[in-house]
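Presented below is the structure to which this report refers.
Please treat every number below as a calculation from the coordinates, not as lab data. Keep in mind the model is a prediction, meaning the values are calculated, not measured. With ideal geometry, Cβ positions are generated from the backbone for all residues, glycine too; neighbour counts draw on all protein chains shown.
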Protein chains: 2
Amino acid sequence: MKIEELIKDKNIKLTTARVKLLEILKEADRPLCYEEIKNDISMDKATFYRNISKFEEEGILNAFESNDKKRYFEVRLNPHAHFVCVKCNSVECIKNIDITLPNYEINNVIINGTCPSCLASV
Amino acid sequence: MKIEELIKDKNIKLTTARVKLLEILKEADRPLCYEEIKNDISMDKATFYRNISKFEEEGILNAFESNDKKRYFEVRLNPHAHFVCVKCNSVECIKNIDITLPNYEINNVIINGTCPSCLASV
DNA sequence: CTCTATGCAAAAACTTTGCAGGGAT
DNA sequence: ATCCCTGCAAAGTTTTTGCATAGAG
């Protein structure tokens, strides 16, 4: 799916800055935070966060907080769970878990705990 | 289980302020944030956050961020999942979900999405 | 008695807002 | 031409740190 299709029919304008931002998030193999993207997008942080909010409102994007107190962002394609390690703060996609809850609409699942490599290094 | 037992054998001292804090968290039916507790504990916010960190290190407590950018805290008894509504930011305990991941140690599961009452009010 | 815990104030980290100018449709 | 988007600077919110005093073991 192309980025333009994600934005199409939504209540937002298609700007080069937005396409760039969404493409970076889409190509990443895990959610990213502002700090990890800021050098690759030529976009002010105010604009970044404003766009993130827009994308969330329009349902294009998932956001969640890690244990490092930062927000992580991901384009909402191929929904899957995320593991956040409380020791090393790494964020990892977990594809083989499927959760449903009657009467709830689920955007994202975040699992907090200790990852295998941190468990091994104790 | 009594609060004193939670602290026993841990590397921290048993103070009245800590017992009070843990008791409030233990009695609550859902995770609470600093704002919700501050009037009930006579504890400075610096001390509050320092104690939270201690409790986390000692494995007494789970913490996670909601969509309102605040951290929510819960005593780690009877582990269960949590649902955080992206619309109203309510935090709810979900008892009937059980997740295991080989090679991972799981502390907490957070599900983001829209809760039944927000879904109904659209 | 010693070392940890606490309160206060000030700082830090991340995110949001105001405003004026630029860009998409 | 209109209205949304953007950058810059400044403010806001939540959490953390420094330091001197109080308290637990």
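Bridging of A:Lys10 to lysines at a Cα separation below 16 Å is possible for A:Lys2, A:Lys54, once same-chain residues fewer than 8 apart are set aside.
Among A:Asn96, A:Asn51, A:Asn107, which one shows the biggest mean-square fluctuation in a GNM of chain A, springs joining Cα atoms closer than 10 Å? Evaluated over chain A, the most mobile residue of the options is A:Asn96. Based on DSSP H segments of at least four residues, each scored -39500 (n - 2.57), chain A has a per-residue ellipticity at 222 nm of -8500 deg cm²/dmol. Each Cα pair under 8 Å and six or more residues apart adds its separation to the average, and for chain A the resulting relative contact order is 20 percent. Springs between Cα atoms under 10 Å define the GNM used for chain B, and in it the highest mean-square fluctuation of B:Leu25, B:Leu101, B:Leu61 occurs at B:Leu101. Shown in residue order for segment B:105-114 are the 3J(HN,Hα) couplings computed by the Karplus curve 6.51 cos²θ - 1.76 cosθ + 1.60 at θ = phi - 60°: 9, 9, 8, 7, 10, 10, 10, 9, x, 10 Hz (x for Gly and Pro). Distance from the A-onto-B rotation axis is smallest for the Cβ of the chain A residue given, in whole Å, as A:Glu65, 2.
Of all the options A:Arg18, A:Arg50, A:Arg30, the one that moves most in a Gaussian network model of chain A with Cα springs shorter than 10 angstrom is A:Arg50. Couplings 3J(HN,Hα) of segment B:13-28, computed from phi: 8, 8, 10, 4, 4, 5, 4, 4, 4, 5, 5, 4, 5, 5, 6, 5 Hz, in residue order, whole Hz [Karplus 6.51 cos²θ - 1.76 cosθ + 1.60, θ = phi - 60°; x for Gly and Pro]. A cut-off of 5 Å between modelled amide H atoms, ignoring neighbours fewer than 5 places along the same chain, links B:Ile110 with A:Ile110, A:Ile111, A:Asn112, B:His82.
Couplings for segment B:59-72, taken from phi via the Karplus curve 6.51 cos²θ - 1.76 cosθ + 1.60 with θ = phi - 60°, read x, 7, 9, 9, 10, 7, 9, 8, 7, 8, 6, 9, 8, 10 Hz in order; Gly and Pro are left as x. Beyond a 23 Å Cα-Cα separation, which of these cross-linked pairs lie in this structure: A:Lys13/A:Lys69; B:Lys26/B:Lys87; A:Lys69/B:Lys45? Beyond 23 Å between Cα atoms: A:Lys13/A:Lys69; B:Lys26/B:Lys87. Each of A:Ser53, A:Ser42 was scored by other Cβ atoms within 10 Å of its Cβ. Listed from fewest to most, they are A:Ser42, A:Ser53.
Against the main long axis of the alpha-carbon atoms of chain B, helix B:45-57 sits at an angle near 80°.
If both residues of a DSSP beta bridge must be in the protein assembly as shown, then about 75% of such bridges are antiparallel. Between copies, the label points at B:Ala120 (set 7 angstrom from Cα along Cα-to-Cβ) are spaced 4.9 nm, reported in nanometres from shortest to longest.
The fewest-to-most ranking of A:Tyr49, A:Tyr72, B:Tyr34 by surrounding Cβ atoms within 10 Å reads A:Tyr49, B:Tyr34, A:Tyr72.
Under 5 Å from the amide H of A:Ile97 lie the amide H atoms of A:Ala81, each residue being 5 or more positions distant or on a separate chain, with H modelled from the backbone and absent for Pro and chain starts.
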